[in-house]
Amino acid sequence: MKGFFLGLSSGAVCAAYCAPVLVPYLLGEGRSVLQNFLALLQFLLGRLLGYLSFAVFAWGIHTSLPQDIAHRNLLIGAAYVFLSGLLIFYSFFKAGRACPSAGGQEIDHRLRNSRPSLFLLSMGLATGLNFCPPFLLAVATAAEQASLLQSVLFFLTFFLGTSVFLIPAPFLGLLRGFSPLHVIGKMAAGLIGAYYLFIGATMLAGGFYR
Amino acid sequence: MMKEHPPHAKTIEVRQSPGKSFLFALPMMLLTLMMMSGGKIPADPQRLFVFTVTYLFFNLLFFLMIHTGKTDRYRATAFITYAILFIVSFISHMFEARGSMSLSQEKILLCEVPFCHLVIPMTLIPAAFTKTIIFPGTITGGYASIASMFTIWIGASLSLGRGWCSWGCFFGGLDDAFSRILKKPVFRNINPRWTYLPWAVLLAVVLSAAAFLSPTYCTWLCPFKTVTEFEAVTSFKILVQTILFASLFIALVIVLPLLTKRRTQCSLFCPFGAMQGLTNRINAFDVRIDPDRCINCKRCVTACPTLSVTEESVRAGCPLISCMKCGTCMDVCPSGAVAFHVRGTPVAGNRNIKRMLFLYAAFLFLAIFSGGTIQDGLSRIIRLITTGSMI
Ligand code: SF4
Ligand code: SF4
């Protein structure tokens with residue numbers, strides 16, 4: 001239960017970290033509330049995978065990786081670059097609708113239609129590996145658990161606690177009738193992607209980003 | 001079929017004789033005298049001179065607005081002067097207070113950064129959830145405090161809506177000025193999709209500000225830092241930020257307005273402007289197009305500097321939510337179809353009274369809000385001429 005309450009108490013912060021990825025996507029897709037719930041589930045599943053892989057990792061090393069700044073920057077940097085790649089891809093290759101100056105719908109069509117849920121899963125996974133402050137706290141606590149199962153359970157409950165705050169997100173589907181929001185969502189995804197790319201790249205390059 | 005109307009029908013309708021114009025302008029003269037002087041005429045000769053020039057400047061422009069029936073020409077004169085003298089005054093202040101335009105980490109940590117309205121959209125969500133303002137400024141007191149800017153913004157939003165962007169913003173006059181230099185645009189066609197970009201910037205900066213608890217637009221994108229203040233370049237990150245905002249300034253405030261004759265920074269990028277569009281729905285004044293008078297010449301569509309008039313909006317009888325109430329469309333309309341309007345009144349009612357009501361609200365706001373800055377800017381220029389230094 002400790003994980004759940006930690007998740008619940010810090011869920012607003014987690015939601016704030018997930019919102020820049022999730023909100024532009026949901027607006028950009030312009031789907032119904034129900035379809036958005038399904039999308040959220042896929043995103044959360046990806047996030048859960050991110051959390052669980054960390055649970056194993058945190059328990060495995062028994063020390064807290066987040067304290068090792070160089071490694072931490074490398075990992076967060078990679079997660080940011082990956083996430084930015086997804087966001088820019090989403091914005092740019094949906095350019096027929098998002099960016100008035102670009103093309104590329106065919107690649108988009110092929111990629112997105114063949115693996116529609118992979119995209120959301122990956123976005124969830126990358127945000128799951130995003131070291132937001134509550135997540136760092138959870139990693140530190142999980143590292144202290146006696147067994148792997150306990151560590152996994154801790155992250156699972158932490159995940160459930162934080163997810164509560166994302167429940168309102170699918171209701172963005174209520175705005176889907178307003179078609180400019182589809183373009184706005186995609187443009188915003190591109191802008192946030194560019195921002196994450198810079199943060200990630202400088203973290204990977206090491207030391208520059210403060 | 002185009003309906004026939006006498007040329008300049010609208011101007012003729014709202015134009016006034018010199019005597020009538022003087023009478024209509026008289027209350028403005030008294031109000032500006034009261035508000036700008038604060039009940040005390042300056043005794044110092046130089047300050048008196050600057051005060052008199054500023055006072056006459058505003059009242060002459062207002063008189064001409066009424067007399068000629070043209071709005072935008074005189075509004076723009078005051079608005080652009082304000083933007084230029086704001087920069088003169090602001091930079092002088094910065095040199096006086098810190099010796100340069102660049103901000104040191106120390107000043108940021110001491111929360112001594114002047115607050116500007118462009119930060120407002122980013123502060124709302126963090127303020128609601130964390131009860132803190134994510135900006136290193138002073139809440140009250142000091143130069144441009146957070147409380148004073150919020151108060152002015154709320155007042156302006158209620159009275160003018162997005163009219164703020166043509167009558168109040170101390171930056172708006174810059175792209176407005178550059179958009180007027182060429183007689184004809186080099187690039188005519190702008191894909192209307194670009195008008196969604198400010199909303200995307202708004203969404204991106206609001207979400208990222210809430211996630212990172214930092215005013216991301218100010219840190220990364222605000223082009224106006226180029227002519228006001230910026231962080232001293234002490235790291236690679238700040239170097240990238242500096243290159244980014246300076247490039248945006250050159251592109252959006254100088255080059256694109258020049259080539260397109262549109263206010264590109266304000267209508268295609270500024271997130272505050274996008275948010276301010278929402279306040280167009282809650283204030284008393286708007287702009288309406290009378291279908292009975294419209295001859296469908298599309299001059300307003302071509303002339304609107306903010307791309308707020310489209311063929312559909314002409315048919316619908318009102319510009320888009322992004323309208324800044326600048327008055328350009330009514331100045332170019334040959335049939336007097338476009339006019340300022342008071343919500344809840346018939347579109348075809350007495351347009352002169354409605355125009356006068358709007359002009360009193362907007363012009364008085366501009367004169368009061370900018371009066372002090374214009375006087376300070378003028379004093380600095382006089383000081384520069386007489387002593388060789390603005391500080
Ligand atoms: S759009 Fe932005 S920069 Fe332009 S006038 Fe409005 S607030 Fe100022
Ligand atoms: S619609 Fe008219 S008043 Fe509004 S911004 Fe365009 S030109 Fe100015």
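The values are calculated or read from the model by the stated rules, or taken from the named source; none is laboratory data. Quick caveat, the model's predicted, so the values are computed rather than measured. Cβ placement follows ideal geometry from the backbone for every residue including glycine, while neighbour counts extend to all protein chains displayed.
Miscellaneous remarks
- Within the range B:222-237, if we keep just the residues that are part of a loop (DSSP other than H, G, I, E, B) and of a type outside the set (S, T, Y), the residue that is nearest to B:A127 (Cα to Cα) turns out to be B:C222.
- Residue match in the range B:237-253 (condition: hydroxyl-bearing (S, T, Y), without any contact (Cβ under 8 Å) to a residue 40 or more places away in the chain and within 13 Å of chain A (Cβ to nearest Cβ)): no
- Residue match in the range B:185-199 (condition: closer than 24 Å to B:M390 by Cβ and away from ligand 2 (no atom under 16 Å from the Cβ)): no
- Among (1) small (G, A, S); (2) within 14 Å of another protein chain (Cβ to nearest Cβ); (3) near ligand 2 (Cβ under 9 Å from one of its atoms); (4) not in a loop (DSSP other than H, G, I, E, B), the one test that B:S267 misses: (2)
- Scan the range A:156-210 for residues that are in a helix (DSSP H, G or I), within 10 Å of chain B (Cβ to nearest Cβ) and farther than 26 Å from B:L197 by Cβ and the total you get is 1.
- Within the set B:V338, B:V342, the sole residue that is more than 14 Å from chain A (Cβ to nearest Cβ) and either without any contact (Cβ under 8 Å) to a residue 24 or more places away in the chain or within 14 Å of ligand 2 (Cβ to nearest atom) (or both) turns out to be B:V338.
- Index of the failed condition, B:H67 passing every other in (1) modelled with pLDDT of 95 or more; (2) in contact with a Lys or Arg (Cβ under 9 Å, 6 or more places away or on another chain); (3) farther than 21 Å from B:T328 by Cα: (3)
- Flag if A:F131 is modelled with pLDDT under 90 and within 14 Å of another protein chain (Cβ to nearest Cβ): yes
- Considering B:R293, B:R351, the condition of being in contact with a Ser or Thr (Cβ under 7 Å, 6 or more places away or on another chain), at pLDDT below 95, within 16 Å of ligand 2 (Cβ to nearest atom) and more than 14 Å from chain A (Cβ to nearest Cβ) is satisfied by B:R293 alone.
- Residue check, B:T302 of a type in the set (S, T, N, Q), more than 9 Å from ligand 2 (Cβ to nearest atom) and surrounded by fewer than 17 Cβ atoms within 10 Å (Cβ to Cβ): yes
- For B:D376, the conditions (1) more than 10 Å from ligand 2 (Cβ to nearest atom); (2) out of contact with any Ser or Thr (no Cβ under 8 Å at 6 or more places or on another chain) all hold with the exception of (2).
- One residue from B:F363, B:F369 being in contact (Cβ under 8 Å) with a residue 24 or more places away in the chain, touching a Gly at 6+ places or on another chain (Cβ under 8 Å), outside the structural domain of B:V253 (by TED's automatic domain parsing) and in a helix (DSSP H, G or I): B:F369
- Residues within the range A:1-30 that are more than 9 Å from chain B (Cβ to nearest Cβ) and farther than 12 Å from A:A169 by Cα, tallied: 15
- B:L252 aliphatic (A, V, I, L, M), touching an Asp or Glu at 6+ places or on another chain (Cβ under 8 Å) and within 16 Å of ligand 1 (Cβ to nearest atom): yes
- Subset of the range B:314-333 that is charged (D, E, K, R) and more than 8 Å from ligand 2 (Cβ to nearest atom) - its residue that is farthest from the other protein chains (Cβ to nearest Cβ): B:D331
- Some residue of the range B:53-62 being more than 21 Å from B:P334 (Cβ to Cβ) and among the β-branched types (V, I, T): yes
- For the range B:36-69, the set of residues classified as within 14 Å of B:P18 (Cβ to Cβ) and β-branched (V, I, T) consists of B:I66, B:T68, listed by residue number.
- With a requirement of 1 or more residues that are free of Cβ contacts under 8 Å to residues at least 60 places away in the same chain, the helices (runs of 4 or more DSSP H) lying completely within the range B:141-221 that satisfy it span B:146-160, B:197-212.
- Whichever residue in the range B:183-205 is charged (D, E, K, R) and more than 8 Å from chain A (Cβ to nearest Cβ) and, among such residues, is nearest to A:L87 (Cα to Cα): B:R188
- Condition broken by A:E144, with the remaining ones in (1) closer than 20 Å to A:G206 by Cα; (2) at pLDDT below 85 satisfied: (1)
- Given (1) modelled with pLDDT of 95 or more; (2) assigned to a helix (DSSP H, G or I), index of the condition B:Q241 fails: (1)
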